[in-house]
Amino acid sequence: MIKSVKKLLAILVFLISCSHVFAVDYDLHFYKAFLTEDIQRWEELLNEMDQNYKTNSKDSLLRKIVKARFGLINLYNRIKEEDKAGDELKILEKNIETLLDKYPEDACLWANRTALIGMYINLKPYKVMFYGPLSLDYISKARALNKNLPEVMIEYGNVKYNAPSFAGGDKDLGRRLYRDAIAKMVADLDTYKNDWFFLMVHINYANILKVEGKKKEALQLYEWLLKYEPDYKLLSDKLIPEIKKELNLN
């Protein structure tokens, strides 16, 4: 169970986007696709953005592409399309590097880079000894630039929660970072309106609670999230019924 949740952490929380730092064009379309896990629609939207970027190489558009590509990789991982996920990771790495070359002092981009490493580890766990130190280096750079940014806090929390104790892991600290980052996001809901990353972070934190035996707290979080977004099918059709069954609440 713990191993599967660590995979979810690798898949879910590595979706760092900082979407609020640039203008919104595609956000609502991706949000709707996310609510129903419509992979085909996601692919179409991302392809459209890639084509637009070839003729209109705006950095704001590339940031959107980075976020969307993280989301697509997550969806591929959910359906075990590892080859497709791996292909998208290679493109994503180039996207992030292009932005970092221009904005080396951007904390969110360093968190993106940390997230990228986490996804590589998820696909190739045997390379953790190589990738692990890189992950720590990148998140340290992100925190040096802005340790209070929710996206950076979440990524640091992911690193701390998943790393073994001998490598600096600290599950208590990781959990607190998630909780505090979520509190910041909820206090600023307008910023995260129509943002699928906001939903994913809550699901990730609920998974931590479930692993630690706090299923009632996880259910409360699920129910709050469903009130916030009633059309979120993963919650209404799967996660809430499953946890209610485990708690004998049906």
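The values are calculated or read from the model by the stated rules, or taken from the named source; none is laboratory data. Predicted model, so just to flag it, every value in this text is computed and none were measured. Here Cβ is always computed from backbone atoms with ideal geometry, including for glycine, and neighbour counts include all displayed protein chains.
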Criterion (out of contact with any strand residue (DSSP E or B) (no Cβ under 9 Å at 6 or more places or on another chain) and in a helix (DSSP H, G or I)) met by exactly one of Asn158, Asn148: Asn158
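Every residue, every condition in (1) at pLDDT 95 or above; (2) closer than 30 Å to Ile65 by Cβ, yes or no:
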site: Ile208; (1), (2): no, yes
site: Gln220; (1), (2): yes, no
site: Leu225; (1), (2): yes, yes
site: Pro230; (1), (2): yes, yes
site: Ile240; (1), (2): yes, no
site: Asn250; (1), (2): no, no
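When the residues of segment 99-108 are filtered to those that are part of a helix (DSSP H, G or I) and in contact (Cβ under 8 Å) with a residue 40 or more places away in the chain, which remaining residue is farthest from Phe70 (Cα to Cα)?
Checking each candidate, the answer is Lys102.
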Note on Ala218: of the conditions (1) touching a Lys or Arg at 6+ places or on another chain (Cβ under 6 Å); (2) more than 19 Å from Leu177 (Cα to Cα); (3) of a type outside the set (Ser, Thr, Tyr); (4) buried (at least 17 other Cβ atoms within 10 Å of the Cβ), unmet is (2)
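Considering each residue of segment 225-250, count those that are under 20 Å from Glu37 (Cα atoms) and part of a helix (DSSP H, G or I), and give that number.
Within segment 225-250, residues that are under 20 Å from Glu37 (Cα atoms) and part of a helix (DSSP H, G or I) number 14.
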Phe166: passes all of (1) assigned to a helix (DSSP H, G or I); (2) touching a residue at least 40 places away in the same chain (Cβ under 8 Å); (3) exposed (fewer than 15 other Cβ atoms within 10 Å of the Cβ) but (2)
The correct count of residues that are part of a helix (DSSP H, G or I), modelled with pLDDT under 50 and among the aliphatic types (A, V, I, L, M) in segment 3-56 is 7
